[in-house]
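Notes to accompany the following structure.
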Amino acid sequence: MDTQQKTYVGEVATYNESFNKLMRMFTFSVLISFLGTALGSTLPPAVFLPLIFIELGMLIAAFVLQRRGKAIGYPFVFAFTFISGITIYPVVANYAGQHGASMVLQAFIITVAMFAGLTLYGYYSKRDFTFLRGILMTGLIALIGLGVIQIFTGSFGGMFGLLIAFGGIMIFSGLIIYEISQYRQGLDDKMIPLATLSLYLSFINLFLYILRFLGILSDD
């Protein structure tokens, strides 16, 4: 009985340790993206498009490595989040210019609050969220398709734009719950960088869709 209890305690300690490390690395990645955004305010417009292509290339490389069972390192993750912070600057600056910096701050506060709530729910809930995987992947594909259409037709506004923004918020909220529910069982140390990158992407996309949602509401 004592041996089983000690084993159980050891498993819980390991489980908490890996998850806590993941959340520390995630927080650090967000802070690094802030530095990138600050740097973005000083860069000429010509650099943003090449950086977007670099960002996309790094993202593709990360998930190709994942499919091959190989890990990425923290330097890769933090370089990506720094570049991501830079490329986000024009979007943030545009919303701040149109609606005021207070709306951007409001969107960020809402994002942090939602992320914290979703993380707690995904961590402590006893539900199995694996059923969300197919739904979320379908939703992501739909969002990507709408994003491609938007490139050629211009930004979606009005009720349709509001629905897309709301859909994005729901999809990335679901992804956060799903990811946290997978990571709460513990994960190998070598996989924490990729998990950090995945959580960062869900967080930053949630922020961007909340920002878009608030922006459309302000326009109306």
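The values are calculated or read from the model by the stated rules, or taken from the named source; none is laboratory data. Keep in mind that what you see is a predicted model, and the values were worked out from it rather than measured. Note that each Cβ is placed from the backbone with ideal geometry, even for glycine, and that neighbours are counted across all protein chains shown.
Residues that are modelled with pLDDT of 85 or more, in contact with a helix residue (DSSP H, G or I) (Cβ under 6 Å, 6 or more places away or on another chain) and among the aromatic types (F, W, Y) number at least 1 in the following helices (runs of 4 or more DSSP H) confined to the range 128-220: 158-183, 192-219.
When you go through A142, A195, A165 one by one, which is the residue that is crowded, with 19+ Cβ neighbours inside 10 Å and either over 29 Å from P75 (Cβ atoms) or touching an Asp or Glu at 6+ places or on another chain (Cβ under 6 Å) (or both)?
A165 is the lone residue from the list that is crowded, with 19+ Cβ neighbours inside 10 Å and either over 29 Å from P75 (Cβ atoms) or touching an Asp or Glu at 6+ places or on another chain (Cβ under 6 Å) (or both).
Just to be sure, is A93 touching a Ser or Thr at 6+ places or on another chain (Cβ under 9 Å) and closer than 25 Å to V47 by Cβ? Here the answer is yes, as A93 does meet what is asked.
I need every pair where a residue in the range 204-220 that is of a type in the set (D, E) has its Cβ under 9 Å from the Cβ of a residue that is at pLDDT 95 or above, sequence separation at least 6 or different chains. Filtered contacts from the range 204-220: no entries. Residues that are closer than 29 Å to P45 by Cα, touching a residue at least 24 places away in the same chain (Cβ under 8 Å) and β-branched (V, I, T) are absent from the range 147-161 altogether.
In summary, N20 fulfils each of the numbered conditions (1) closer than 15 Å to I192 by Cα; (2) in contact (Cβ under 8 Å) with a residue 60 or more places away in the chain with the single exception of condition (2).
Anything in the range 92-106 that is surrounded by fewer than 17 Cβ atoms within 10 Å (Cβ to Cβ) and in a helix (DSSP H, G or I)? List them, or say none. If the condition is that a residue be surrounded by fewer than 17 Cβ atoms within 10 Å (Cβ to Cβ) and in a helix (DSSP H, G or I), then A93, N94, A96, G97, Q98, A101, S102, L105, Q106 are the ones that fit. Every listed requirement among (1) closer than 22 Å to L211 by Cβ; (2) exposed (fewer than 15 other Cβ atoms within 10 Å of the Cβ) is met by V64 save one, (1). Only a single criterion out of (1) over 14 Å from the mean Cα position of the chain (by Cα); (2) part of a helix (DSSP H, G or I); (3) not β-branched (V, I, T) is not satisfied by A71, namely (2).
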